[in-house]
Structures are given as C-alpha cells and as structure tokens.
Amino acid sequence: MADHNDPNAVNSIFSDIDPSAADVYDMFGFPGPDDSQGDRVVVALTFASVPSTGVFDTDMLYRLRMYSHPRAAVTSDEPRDLETLRRYIDGVRGTYFGAESAMEIRVTVDERGQATVTFHDFPGGSFMATVPVGEVTTIKAADGLAVDAFIGGRDDAFFNDLPGFFRSINYAPQFYHVPSTRPDLRELPIPKTLLELEGNDLFNYNPAVPDLGWGIKLDLPPGPYEWSGNSFKKDAAGNYRFVYDGRDARAGQNVNAIILEMPLQFITRRPEVDRIVDIWGESWVRKASRKVPGIPDHPIWHEHPLAFLGADYRDKQLDGYKLVDTVGQPFADAGLSERENNRQLGANNFWLAPHFVKRLAHLGWGFGPSVTALGLRCSFDTGGAPVPVHRVYHSAIEAFPRARQVIFQRLRMPDDSWDRRQLGIPLRRPFEIFVPNVCALDMDTTGTWPFGRRLEDQVANRFLSLFLDMESAAADGSAYHVETLSDQALWDAAPVMPKTSPNPLKNDKDFLPHFPYLAEPW
Amino acid sequence: MVTKALVATCGDELQRLGEAIAALAGTEGADAATRRAYLRLRHARLSGVLDELRDADQAVTAALRRYPDWPDLCYLRAGADLDMHQPDAALARLDVEPALAGSPAGLELRGAALEQLGQYPQAEDCLARALLADPSWQALASLALVRTALGDQEAADALYVRAEDELTAKQMSAFAWVRAARGDLAAAAGDHEAAAAHLRVAAAAFPGYWLVESRVARLHRQRGRLDEAAAVLAGLRARTGRPDLAEALGEVHRERGDDERADRWQAIAQAEYADSAARGEALYHHHRGAR
C-alpha cells in the first residue's frame, strides 16, 4: 500500500503554539499575614487557564517543590570575580540546596473537577487529599497541622507591560507572525533598548497600527533585520520615546492557580532555624502512552493502595509525564533564559550560570546606554557608548568585566520595612537571586521581592533596576533602589514620553486580604 | 486506576481541523495562508482521502506562489512533496532555503526524503544531526525507518520506543502512527501476536485513523483472516478512494477465491493508477511498475 510512510505525515509543527495549560506563569511566595500561631507560608502557582478559567486540563500534573534551610552566612569582602561566582554556584549545588531531596506537592485534576493533592516527604509524612476545584478547602495532615488549599480560576495577579518588555528586547513573536521554521528570527539582532531607536521601524510605536503587539500581529517583513542607525529617536521637543507605555497587558484576564497556605512547621521541624523556604513550580504533561484507554497507568494502585506514597511509586508516576515548563524567579525565563525549551531546568539551573553572565552583558549593552541617556547612573560598564549596541558574547570570561556590578551589587530596598524583625538581613545580589532558579522566601522579611515574591510587587520594574547603579549616591546622598523606576517623580523629570512607570504600579483588581489572596476571576 | 482523560478520535480531530479551516476563511497574509494550507494538509493526511490530499497539495502550491519567500510555506511544500512521493522535489526545495535546510525541521525532512530515495547512509547522517539539535519523535521515527530498511529491526523498534516516549497526550495521532509502525515491524518479523497487540493500542489511542485500520487489514490478511481483511479494506476504500486499497482488496478477494470481485477491484486500481500518472503524479509509480 502507498501509505506515505514517513512521520512527517503526522507532523504538528504548526499546531503546538496554541495556549497550553502547561504554560506556567508565576510563582509567588510570602509569609501569611496571621502569624499568631507561628509563621505561615503562602505559595501560589499560576498558569494558563486552559481549557478555561476554573477548568483544568486532565492531562496535566503540576508540581510545587519546596526546600527549607537556614539563611546562608554571607561574607561581604569576597572579590567580585568569576572565581567567587563559581565558588558560590558549587556551594549551593553541593551543600545547602537540595533540589533532589526537596519536599513536593503534586496536583492533578480529573473530569469531575476533583483535584488530587499529594504531599511528599514533609516532616509529618506523606499523604494525599482530594479537594473540589474552585473551593477553599482545609486539608488536615496526619500530625494535625492544617493546609489551606484553593485550586481553581482567579484573576491574573501579574500586572506588567509585557509588550513593552518584548519591544525592549526586539522579540518579534509579540508583534509579528514569525515563521515556525525560523526560531532564529524570534529575538532579532537589534540592540536591546528602553528608548526607541531612530530607524527601528519594526519595533518603534507605529501610529498606523497602534495596537501592534497588543493582540494585533503582522507578518514579519523580509530582512535584513540589523539596525543601522546611530541615535535614539527624539520628538520635536527633544524627548526620547519610551518603549513602554505602562499598561497592564493582562488586565481583565484570568489564570488557573494552585494556592496553598501552611504553617512553616509543616515544612520544617526547625522553623526557628530554617528561615528560608525555596519554592519553585513545574508543569508536566501526560505521555501519550499513558493516555491509551484500557492500559492501566498505575496498576499498582489496585494492588497496593498505600504504595503510591513511596519514592518508587513517585518515580513511576513521573515516568508517565514529560516536564514542559518551570518557574521560580520572575524573568529568569523570559529575560535570562530566552525561553528556550532546553533551558527549562527549574531549580537545577546551575549550568546556566555562564549563560546568565553572557546574557546580562548582552542586555547591559542595550539597556545601559538607555539608562545613561535618561540621566540615571548605570551599573553596567558601557564604556561610554552613546547608543545601545547589539553585542553577543560567546564567553563568560569576556562578558564578565562589563557586567561585574550588575551581577554583584546588593539590591537596595527603598526602606527597611521589608526586614520586618529588624534582623539586619543582608541585601541580596542578582547572582544569588537567579541561581538557583527558585523563589527563596525569607520568613523574617515581608517576602517582598527579592526576599520572596508578594502579589503586589512590581517585579518587572525591579528586574530593570538591576541596571541602575545602587552603590553610588547622588549629590543629595540618595541612592537608587529596587523601587526607583516605580517613582513617578523620576519620570516627570526625565526627557522621555510618555511619562510613565515602565510597568503599571498595581493590579487591575485588588488582591484579597485573606486566603486565597488572588482576586476573583473576571 | 485507569486513565480518565478522554481520548479524542480521529473523527473529533477532523472536525476540529475543519472548524479551524473555516475560522480562517477570508484571512490574509503569509502566516494565515500557511496555517490554512497546513490545516488542509493535516486534514487530508488524517482522513486518508486521496482527493483531499490532491486539493491540499494544490493549496500549498498556490499559497507558496503568492508568498514565495515565506519559509514555512517552503517547509510545507517540501513535506507535501514527500506525501506525493517526490523526494527529489523536496530536496530541491530545501536546497534553495539554506536557513530552513539547516534547522532541525529541515534536517528531518531531508532525512525523510533521502530515506524515500533509498540513500540510507546519507539519511542516517542527516537524521543524526537533526537529533543532536532536537531529539524529536519525528527524527527518531524517521531513523527507525532507515534502520528498518537496512534490516536492523531491533534497533528500529528501540528507536520507535524512544519516539513514543517523546510524545504527549496532545499528540495521540502521532503516537498511533508510531505504534502502527511497530506493528508493521512485528508483523514483518512474523510475530503476529505482537503486531496485533501494537495495533490494538494504536487503534485505542486514536480511534478511526485510516492508517492504523489499513495495517489491521494487512495483518488480518497475513493471518489468513480474509473475510475480516476484506471487510476492513472495503470500508477504508469507500472512505478514502485510494487505489492502493482497491488493489489490496482485489488481492484479498483473489486469495478468497472470488476472482470476479478480484478482477473488478484490480481493474479499478489499475485505472486509477493510470489516472494518477496522467495527472503527472508520482504517487503510485511503484505500484504500476510492480505489475
């Protein structure tokens, strides 16, 4: 028979870009507001609301992983070099960080809208519970501790001018139909920039297509795509034009979410010592072979119903799924890993460290001159470049000297309210934040980023603040901090239009003061 | 615990594709044209209807004529060339698109084209390069075909197993394709029980897929279950209009001793092969040559 027997006959290269329930969005972690009975930990994993808000894809398995440990001792006088970075990475990989031995919570949902939540390797043991989707439920552990759970649809807690960010890195798929067979045409070889570049017609605001990138896409025009200009674009009044306009790209949109609140004692039997809780999330999709009707995916369930809590069973369960997406730190994926599938490593992103150095330097050559043009002090060594440069590094050794301060500077906070017990907790540095790729919640803080991630944190502005020089002071003695770019007075004084924070300063819906904290869905 | 997630049938998928094609009506641009052509091609491949495949093939050509510089359309055209048994045309298409040709998707296509041409070492080299860049199920399955052609059935099955492991619940048609290929392998080795087991799984994974049913018919015939083979082939032939199925049906009737029906179906097949050749198609050259 002529059956055209090649696998291309069922190839689906063009059909794998639909919204997917495997697309995890954000990982939040912060202390619960009521600590009258001891510290409580809130974690929230959000992802695409597919097939619809509050309805879960039954082929998915979501994993929330947690690891608690003491706050690491910090030395302040170590040299700022690659050797220090290497020692740090070897240290976290080999000593206190234990991705392999982390506790975890797995969630699957069946067609009846029942979520199965299994807790593995918690101090009180392993156990499972079944909870209805869309309802706040309390799960009782064997040791009497209670976990609040909500698994269902909510308003998306992410408030961010995502098209603005993608404009800043010339990420074409936000604005153009990019051929699926040409992944090299996604991030185009144009300098990254916070201010529009003269002649960057592909990404500058186009009044003829005002909604380009906001739901409207055009076919990607033929190249060449390199930028041949030599200046920022200015209007008649001499103002630069911002690539951001400060709108919330996710306004009015929902997510599906797994939200849990639990006593710190549930996570560690040494809550007074283990003050850091590393949290990260993963999405897994069922393998085809486990979906075939009539083939039991877990025959052991019938024979040994208690065996499902053992490590052996867990491995067998994961054998039936494929890891698709991971989330820990905001922008670790979109900003630093360039969204590549083979970089979905979750917490175990140690081998990406050299890539982060190269990527931060690449971003620095773009954002640095923009920061300087706005009259701000920059943490990246641009060598006085007046306009952004498209520079790709192949060696971390070559990239590091330029990005040294970006990587090593301590990120200042606007005041000391974050250190809620006034313990003198050291400020965090970017390399500590992004490697490993976890939300490292410090229970002695408010959990505001980078000491966790609170719902109300404007993390996109805080990520951009990495490129501000937080170590030197202005003439009046003031210094930049992670909230500097959220200060409207800065923009009012800057030679830029529109005069707005890059990203919105609050969510489109108010968060709730109580569990499950994320607002009701639209 | 038996998996509760519902399995979509081939009919469900064809309906979904039909709706997607309708939703694209009137849309303009290279991306929309690519999507429309791709959906039609996929619909034709899954339905097995020959005339649909011909129409989809023409739709790809028309889209490419309108948007000659759009790489995805070149890719689709090369893929359709393989559907139409024109591997030389696929290779020529890839040769003029170096960026596409060097991508994992392009390397997979080139490997499949070289396999069709019987240039197995070159195909193997190409697919090995594709796998280095992206261990996709397509490249693994194409490599399995090469190993099959070279007579290494054990290695082929191992590659198919790896291909299966790459596939998710969102790719059940591909899973059924791989399982059917494993059924072919087992049947070729004379292990009819294993072949039947593989085909049962393939049929359960993606019910109603003509390609799996055609393998089931072939296995019935190999096992001497001629009435069952004839029944399956008759149904498939009516659904798809494929001359190769008419020929197979004639052969089964011959083995059943029903020469009248055998002659009638063989005549139909030969007429349709001739018609295909008159259209300039290469689809059934090997069938005509065999007679």
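The values are calculated or read from the model by the stated rules, or taken from the named source; none is laboratory data. What you are looking at is a predicted structure, and each value in this text was computed from that prediction instead of being measured. All Cβ positions, even for glycine, are placed from backbone atoms using ideal geometry, and neighbour counts span all protein chains on display.
Of B:216, B:252, all but one fail to be under 21 Å from residue A:293 (Cβ atoms) and of a type outside the set (Gly, Ala, Ser); the exception is B:216.
Taken over the range A:478-522, the residue count meeting the criterion of being hydrophobic (A, V, I, L, M, F, W, C), within 21 Å of the chain's Cα centre (by Cα), under 17 Å from residue A:448 (Cα atoms) and assigned to a loop (DSSP other than H, G, I, E, B) is 4.
A quick yes/no check of all residues on (1) under 30 Å from residue B:8 (Cα atoms); (2) out of contact with any Lys or Arg (no Cβ under 8 Å at 6 or more places or on another chain); (3) small (Gly, Ala, Ser); (4) at pLDDT 95 or above:
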{"residue": "B:206", "(1), (2), (3), (4)": "yes, yes, no, yes"}
{"residue": "B:233", "(1), (2), (3), (4)": "yes, yes, no, yes"}
{"residue": "B:242", "(1), (2), (3), (4)": "yes, yes, no, yes"}
{"residue": "B:250", "(1), (2), (3), (4)": "no, no, yes, yes"}
{"residue": "B:260", "(1), (2), (3), (4)": "no, yes, no, yes"}
{"residue": "B:284", "(1), (2), (3), (4)": "no, yes, no, no"}
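Which condition number does residue A:104 fail, the rest of (1) buried (at least 17 other Cβ atoms within 10 Å of the Cβ); (2) over 25 Å from the mean Cα position of the chain (by Cα); (3) of a type outside the set (Phe, Trp, Tyr) being met? Failed condition: (2).
Here is a yes/no grid of residues against (1) within 10 Å of chain A (Cβ to nearest Cβ); (2) over 20 Å from residue A:179 (Cα atoms):
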| residue | (1), (2) |
| --- | --- |
| B:24 | no, no |
| B:32 | yes, no |
| B:37 | yes, no |
| B:40 | no, no |
| B:45 | yes, yes |
| B:48 | yes, yes |
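Is it true that some residue in the range B:2-16 is touching a Pro at 6+ places or on another chain (Cβ under 8 Å) and over 30 Å from residue A:320 (Cα atoms)? Within the range B:2-16, none of the residues are touching a Pro at 6+ places or on another chain (Cβ under 8 Å) and over 30 Å from residue A:320 (Cα atoms).
For residue B:15, the conditions (1) within 13 Å of chain A (Cβ to nearest Cβ); (2) farther than 22 Å from residue B:138 by Cβ; (3) part of a helix (DSSP H, G or I) are fulfilled apart from (1). No other residue among A:363, A:352 is in a helix (DSSP H, G or I), at pLDDT 90 or above and within 19 Å of the chain's Cα centre (by Cα) apart from A:363.
Take the residues of the range B:270-291 that are among the aliphatic types (A, V, I, L, M), touching a residue at least 12 places away in the same chain (Cβ under 8 Å) and within 14 Å of chain A (Cβ to nearest Cβ): which is surrounded by the fewest Cβ atoms within 10 Å (Cβ to Cβ)? Here the answer is B:282.
Would you mind stating whether residue B:105 is hydrophobic (A, V, I, L, M, F, W, C), under 19 Å from residue B:134 (Cβ atoms), within 11 Å of chain A (Cβ to nearest Cβ) and within 20 Å of the chain's Cα centre (by Cα)?
The answer is yes for residue B:105.
Inside the range A:229-239, can you point out the residues that are surrounded by fewer than 21 Cβ atoms within 10 Å (Cβ to Cβ) and either touching a His at 6+ places or on another chain (Cβ under 6 Å) or not in a loop (DSSP other than H, G, I, E, B) (or both)?
A:234
Please work out which residue is nearest to residue A:173 (Cα to Cα), limiting yourself to the range A:205-228 and to residues that are surrounded by fewer than 15 Cβ atoms within 10 Å (Cβ to Cβ) and touching a strand residue (DSSP E or B) at 6+ places or on another chain (Cβ under 9 Å). Going through the qualifying residues, I end up with A:221.
Residues in the range B:70-116 that are of a type in the set (D, E, K, R) and out of contact with any helix residue (DSSP H, G or I) (no Cβ under 6 Å at 6 or more places or on another chain): B:83, B:88, B:95. Just one of (1) buried (at least 18 other Cβ atoms within 10 Å of the Cβ); (2) without any contact (Cβ under 8 Å) to a residue 40 or more places away in the chain; (3) assigned to a loop (DSSP other than H, G, I, E, B) trips up residue A:144, so point out which. Against the list (1) buried (at least 18 other Cβ atoms within 10 Å of the Cβ); (2) without any contact (Cβ under 8 Å) to a residue 40 or more places away in the chain; (3) assigned to a loop (DSSP other than H, G, I, E, B), residue A:144 comes up short only on (1). For the range A:178-200, filtering for residues that are within 13 Å of chain B (Cβ to nearest Cβ) and part of a loop (DSSP other than H, G, I, E, B) leaves 6.
Which residue is surrounded by the most Cβ atoms within 10 Å (Cβ to Cβ), if the candidates are limited to the range B:121-143 and must be of a type in the set (Asp, Glu) and more than 10 Å from every other protein chain (Cβ to nearest Cβ)? Per the stated criteria, the residue is B:124. The requirement of being in a helix (DSSP H, G or I) and more than 25 Å from residue B:186 (Cα to Cα) is fulfilled somewhere in the range B:132-149, by at least one residue. Only one entry of A:518, A:512 meets the criterion of being crowded, with 22+ Cβ neighbours inside 10 Å and under 30 Å from residue A:45 (Cβ atoms), and that entry is A:518.
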